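The values are calculated or read from the model by the stated rules, or taken from the named source; none is laboratory data. Everything quoted here is computed from the prediction, not taken from an experiment. Heads up, the Cβs are rebuilt from the backbone with ideal geometry, glycines too, and the neighbour counts pull from every protein chain shown. The protein model used for the area step is the full one, side chains on, heavy atoms only, and it has no ligands, DNA or RNA in it. Shrake-Rupley method; radii C 1.70, N 1.55, O 1.52, S 1.80 Å.
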Amino acid sequence: MTRWTPDPSFYPSPRDAAEAPAEQLAYIAAFDRTAERPDAIAVVDTDPGSAGYGTVVGWTDLPHTGDELHHFGWNACSSALCPTAPHPHVERRYLIVPGLRSSRIYVLDTKEDPRNPCVVKEISAEELAGKANYSRPHTVHCGPDGIYISALGAGQGSDGPGGIAVLDHTTFEVRGQWEADRGDQELAYDFWWHLTQDVLVSSEWGTPSMVENGLVPELLLGRKYGHRIHFWDLAKRTLAQTIDLGDQYQMTLELRPAHDPAKTYGFVGVVVSVEDLSASIWLWHREDEEPSGRSGLAAGRSDGEFRVTKVIDIPAEPADPSELPPALQPFSAVPPLVSDIDLSVDDRYLYVSCWGTGELKRYDVSDPFHPVEAGSVHLGGIVRRTPHPSFPDEALAGGPQMVEVSRDGKRVYVTNSLYGAWDDQFYPNGVGAWLAKVDVTDDAFTLDPRFFPHGDEFRGLRVHQTRLQGGDASSDSYCFPSQ
């Protein structure tokens, strides 16, 4: 569907996006761990003036079982305004929803009834494998010339290489495999880009056989999970540079580039160090760019090689082995298990989810080389089991996992499930299901007592990623600077 004028939720610059109206709805991926019932997209009311605020007000079951919904995204976003491949007349209308276990991809239309999106297209695992030679689709990003979807596995079997498939903007047909020359890249996970610099960045987790039945201790201690990030020539679709963080840093997962298109830096989270169970955050940057005080890194294109610098360490916390799941008892400690990060649209705050210890941390990254912790909240945790303030008698399982930040940076949403088999390992007594909201100001970082859909509201399903109506901090890319 095309429009005469650009979609009003598209913004040329991060500053314009940060001034956008607040979201009214949130879309939540909900999945059935038993694969006996269909997974669903749950819709939650986020309008504080609404009678339904903080409750599930819509629900869409998918047509099959066994999908395990994970990450999903919009068909189009602000990148449609980029001058290199403009598509200003597409709409932010459809949710592109992959099934991580089934390798199916669903297209859901949110326009006619935003509270009850409907499935309008299904891409089979066979089509994805046949046209792009990929399986286990994971992360969705709307690019200026198509819809990009990362995948953990090759088209057949449970091994790699993983990579990126591209869908057509309007027909949602699978165009094919994105990479023209992948070099020695084998493992895949997340990806994002610096569109105006012709740079795509990708990270590593593991092949399907390495991850979908849970964390494999032998692979972890053998340092076999991903520990590199890759820099690609976006225009040529070729691998340009790979940086190994060191094989003790296992699982380089979420990538969050600066939203300002004049900057060429970003953050990547590392789940765990096998040497001390700590987690860490690293900064990628050009080697010839230097810190410039509170303004961050110098603007403008730089053609130097990339470097990666560790800027945050989060230590493990000592714990009584009797309170730990079997996998952690030999270590007498709870690892933070940083499994998601998110960067506010103004590039000021980085949010870090510590799923193991049950903590969401906020860092001021105005100077990206020297982050300063600027608040935290606790919910759940392997040992803490911190309750929500509105339900003080309910010990929570899981912890802040997927993080989503509103465009204006005033609200942060967190869900508590990581991945079915991994939930069961680290929370063997059950992970439950909950969605919390944190209100943000420069001086405060506090849980909203009115907003906590959980338990039966999600009909027995676990909840993973959140997408906000009209876009959010991890949905859009911009090609025009804010200045």
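Can you name the residue in region 319-333 that is touching a residue at least 12 places away in the same chain (Cβ under 8 Å) and more than 15 Å from ASP424 (Cβ to Cβ) and, of all such residues, is surrounded by the fewest Cβ atoms within 10 Å (Cβ to Cβ)? Across region 319-333, the extreme among qualifying residues is ASP320. When the residues of region 447-483 are narrowed to those that are aliphatic (A, V, I, L, M) and open to solvent by less than 10 Å² (accessible area, probe 1.4 Å), which ends up farthest from the chain's Cα centre (by Cα)? It comes out as LEU461.
The number of residues in region 228-239 that are open to solvent by 30 Å² or more (accessible area, probe 1.4 Å), of a type outside the set (Lys, Arg) and in contact with a Phe, Trp or Tyr (Cβ under 8 Å, 6 or more places away or on another chain) comes to 2.
Of everything in region 379-393 that is in a loop (DSSP other than H, G, I, E, B), without any contact (Cβ under 8 Å) to a residue 40 or more places away in the chain and in contact with a strand residue (DSSP E or B) (Cβ under 9 Å, 6 or more places away or on another chain), the residue that is farthest from HIS464 (Cα to Cα) is ARG384.
Is there a residue in region 96-103 that is within 22 Å of the chain's Cα centre (by Cα) and open to solvent by 60 Å² or more (accessible area, probe 1.4 Å)? The answer is yes; a qualifying residue exists. For region 23-60, the set of residues classified as of a type in the set (A, V, I, L, M) and over 21 Å from PHE72 (Cβ atoms) consists of ALA51 only.
In region 395-404, the qualifying residues are those that are assigned to a loop (DSSP other than H, G, I, E, B) and in contact (Cβ under 8 Å) with a residue 24 or more places away in the chain, and the one that is nearest to the chain's Cα centre (by Cα) is MET402. Set side by side, the residues SER79, SER150, SER135 differ, and just one is open to solvent by less than 10 Å² (accessible area, probe 1.4 Å), farther than 26 Å from LEU418 by Cβ and in contact (Cβ under 8 Å) with a residue 24 or more places away in the chain, which is SER79. If you go through region 245-285 and pick out every residue that is open to solvent by less than 20 Å² (accessible area, probe 1.4 Å), among the aromatic types (Phe, Trp, Tyr), farther than 19 Å from LEU360 by Cα and not in a loop (DSSP other than H, G, I, E, B), you end up with 1. Checked against the criteria, ALA433 counts as buried (at least 23 other Cβ atoms within 10 Å of the Cβ) and more than 17 Å from GLY409 (Cα to Cα). Confirm whether ASP67 is without any contact (Cβ under 8 Å) to a residue 40 or more places away in the chain, of a type in the set (D, E, K, R) and part of a strand (DSSP E or B). No: the conditions fail for ASP67. Could you tell me whether region 65-84 includes any residue that is more than 22 Å from the chain's Cα centre (by Cα) and modelled with pLDDT of 95 or more? Yes; the residues of region 65-84 include at least one that is more than 22 Å from the chain's Cα centre (by Cα) and modelled with pLDDT of 95 or more.
Within region 102-127, residues that are on the phi > 0 side of the Ramachandran plot reach partners that are part of a strand (DSSP E or B) and not basic (Lys, Arg) with beta carbons closer than 6 Å, at six or more positions or on different chains, in the pairs SER103/SER135. Scanning region 1-47 for residues that are among the acidic types (Asp, Glu) and surrounded by 16 or more Cβ atoms within 10 Å (Cβ to Cβ) yields ASP7, ASP16, GLU23, ASP32, ASP39, ASP45. From the list GLU218, GLU186, the lone residue that is part of a helix (DSSP H, G or I) and open to solvent by 30 Å² or more (accessible area, probe 1.4 Å) is GLU218.
A quick yes/no check of all residues on (1) within 24 Å of THR415 (Cβ to Cβ); (2) in contact with a Leu (Cβ under 9 Å, 6 or more places away or on another chain); (3) β-branched (Val, Ile, Thr):
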position: PRO321; (1), (2), (3): no, yes, no
position: VAL334; (1), (2), (3): yes, yes, yes
position: LEU337; (1), (2), (3): yes, yes, no
position: ILE341; (1), (2), (3): yes, yes, yes
position: ASP347; (1), (2), (3): yes, no, no
position: SER353; (1), (2), (3): yes, yes, no
position: ARG362; (1), (2), (3): yes, yes, no
position: HIS370; (1), (2), (3): no, no, no
position: HIS378; (1), (2), (3): yes, yes, no
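Here the condition is being of a type in the set (S, T, N, Q), part of a strand (DSSP E or B) and crowded, with 18+ Cβ neighbours inside 10 Å; of SER339, SER376, it holds for SER339 alone. When THR242 is tested against (1) in contact with a Ser or Thr (Cβ under 9 Å, 6 or more places away or on another chain); (2) open to solvent by 30 Å² or more (accessible area, probe 1.4 Å); (3) not in a loop (DSSP other than H, G, I, E, B), exactly one condition is not met: (1). Residues in region 358-373 that are open to solvent by less than 40 Å² (accessible area, probe 1.4 Å) and in a loop (DSSP other than H, G, I, E, B) were compared, and the one that is nearest to LEU447 (Cα to Cα) is GLY358. Do the conditions hold for ALA444, that is, is it small (Gly, Ala, Ser), open to solvent by 10 Å² or more (accessible area, probe 1.4 Å) and farther than 19 Å from VAL338 by Cα? The answer is yes for ALA444.
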